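Undergrad: One structure coming up, written as structure tokens, with questions to follow.
Bear in mind these aren't lab numbers, they're just calculated from the coordinates by the rules spelled out. In this text the structure is predicted, and so the values were computed from the model without any measurement. Neighbour counts are summed over all protein chains in view; Cβ atoms, including those assigned to glycine, are modelled from backbone coordinates with ideal geometry.
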Amino acid sequence: MIIQSYIKKFISNNSFQKVLIYGFYITFIGVNIIAMMVDSISGSYTSLKVEALTVFVSSLVFLYTHKTQNLTFGTYGVWVGPIALYVLIIFSDFVYWNFYFTLLIPLAFYTLFPFRSSFIQTGIHFLIVIILMIIGYYTTENNFLHDVDSLSAFVISIIFMVAFGIFYHANLENSYNKLYKSNQQKEILLKEVHHRVKNNLNILGSIFGLQAMREQEHTKDILLQNKLKIESMSMVHEMLYKHNDFSNIDFYQYTKTLSSHMIDLFEKKDTNVIIDSNKVEFPLEIMLKIGLMLNEMLTNSMKYAKNDTSLTIEISCQGNDKGYTLIYRDNGKNKLDIQKLQNSKGIGIKLINLTSKELDGELSIDYKNGLQYKLNFRDGLQLCIA
């Protein structure tokens, strides 16, 4: 069960090509180890030496591919198998069963290489096999190489393998084209959905804005804060339909867009926002919650943080072994009572605390030459289901 679970996790977390390459090397090395055991029992020491060398070289290629993640090197490294088989044919006096093993080699080429390249590799492989057959014909009395029926069956098998490759790649290309067309249609639909959601949220925000113009100061402030929350969610959908990746949103780009919007809205042109994140991306559900938190934090800094020079806001989000750490800090000089802030009945701090719990996070608030929020949370869609 543990091995099965590990295999499923490996397949789901890696590309199709990487899974095929790793599968080939593990299978190939395993088969050769079994062959070594059989040959050691039967006393076929020549084959045993070739197989031992094959296992050694294949293991080196596999380890190098795994360490460097150079899949191109790993793909062409499968030639270790055919070369080992050619050597085995020569040192085993061109026995017929080794020639039949050569018919299996194109299967690796068809699955690991694209259409054109796979047939070039297959052509080179069978050309070498034919050369070996000619050499064996003139240098040995092997019945297989001198028997017309056996040779005819072998040639027919070669033709069959080539035909199989043609049909395999033709079917693969047809399936790929259908899948590509289907994905394009889904992308268009998703873009339209996110575009409409964004427009609907903007309409709601505009309604709040218009209503705020007619209300008293306290009510106006509440309506404008709700308008900002809606706009922070609208930006998430806007970024999704403007980019081809519908699964994740770049934290840096989103935070940069949101902070620029807040600076314009509060007319704080001298505010400096520093964002530190190294290619951190989140799915829609998580980014919506982070956006609401950042909206509240930015609003509080813009409205209440006081500084003799200019306001500086630092926002950092980095991944680690346990998930992610989000740090928000401003350089406001007004000393705050942290205990009073945490126990405040204001909607803003309540929203920040609630959202951090929905992310299964640990939130700490401190004052270090300015207000600082630090949130440690785990990554996972299941954490975002309220």
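Undergrad: Mind putting together the pair-distance distribution for the stretch 249-386? All Cα pairs, 5 Å bins, whole percent per bin, short to long.
TA: For the stretch 249-386, the pair-distance distribution reads 2, 10, 21, 24, 21, 15, 7, 1, 0.
Undergrad: For the stretch 246-295, run through the trypsin sites (Lys or Arg not before Pro) and keep only the ones in DSSP coil with at most 11 other Cβ atoms within 10 Å of their Cβ.
TA: Passing sites in the stretch 246-295 are Lys269, Lys279.
Undergrad: Between Lys178 and Asp264, what length in nm is gained on full extension when 0.36 nm per residue of separation is reduced by their alpha carbon distance?
TA: That pair, Lys178 and Asp264, stretches by 26.3 nm at full extension.
Undergrad: Under the 0.36 nm per residue contour assumption, what length would be gained going from the current alpha-carbon distance of Leu336 and Asn248 to full extension?
TA: Values: separation 88, 0.36 × 88 = 31.68 nm, distance 3.61 nm.
Here the segment from Leu336 to Asn248 would lengthen by 28.1 nm.
Undergrad: Then there is this: ³J(HN,Hα) across the stretch 164-177 via Karplus (A = 6.51, B = -1.76, C = 1.60, θ = phi - 60°), whole Hz, x for Gly/Pro?
TA: Karplus-based 3J(HN,Hα) across the stretch 164-177 equals 4, x, 5, 5, 4, 6, 5, 5, 5, 5, 5, 5, 5, 5 Hz.
Undergrad: Which far-off residues, 5 or more places away or on another chain, put their amide H under 5 Å from the one on Ile275, with H placed in the peptide plane?
TA: Amide H neighbours of Ile275, under 5 Å, 5+ apart: Ile315.
Undergrad: State the dimensionless ratio Rg/Rh of the stretch 53-126 (Rg: radius of gyration of Cα atoms; Rh: Kirkwood radius).
TA: 1.00
Undergrad: Only Lys, Arg, Asp and Glu count, each charged at its Cβ (+1, +1, -1, -1), so figure out the dipole size of the stretch 249-386 about its Cα centre, rounded to 20 debye. Could you put the intermediate results ahead of the total?
TA: Working: 18 positive and 18 negative charges, 97 e Å.
The calculated dipole for the stretch 249-386 is roughly 460 debye.
Undergrad: On to the next question. What are the ³J(HN,Hα) couplings of the stretch 352-357, residue after residue, when phi is run through the Karplus curve with 6.51, -1.76, 1.60 and θ = phi - 60°? Round to Hz, x for glycine and proline.
TA: Along the stretch 352-357, the couplings run 5, 5, 5, 5, 5, 5 Hz.
Undergrad: Show me 5-13, 73-81 ranked by packing, highest mean number of other Cβ atoms within 10 Å first.
TA: Descending packing order for the listed peptides: 73-81, 5-13.
Undergrad: Students often check this: by mean Cβ neighbours within 10 Å, which of 19-32, 164-177, 58-71 ranks highest, and how do the rest follow?
TA: Averaged packing, sorted descending, gives the order 19-32, 58-71, 164-177.
Undergrad: For the peptides 293-300, 153-160, 369-376, what is the packing order when you average, over each peptide's residues, the other Cβ atoms within 10 Å and list the highest mean first?
TA: 293-300, 369-376, 153-160
Undergrad: Once phi is turned into θ = phi - 60°, what whole-Hz ³J(HN,Hα) does the Karplus curve with 6.51, -1.76 and 1.60 give for every residue of the stretch 98-111, x standing for Gly and Pro?
TA: For the stretch 98-111, the Karplus-derived couplings read 5, 5, 5, 5, 5, 5, 7, 4, x, 4, 5, 5, 5, 7 Hz, x marking Gly and Pro.
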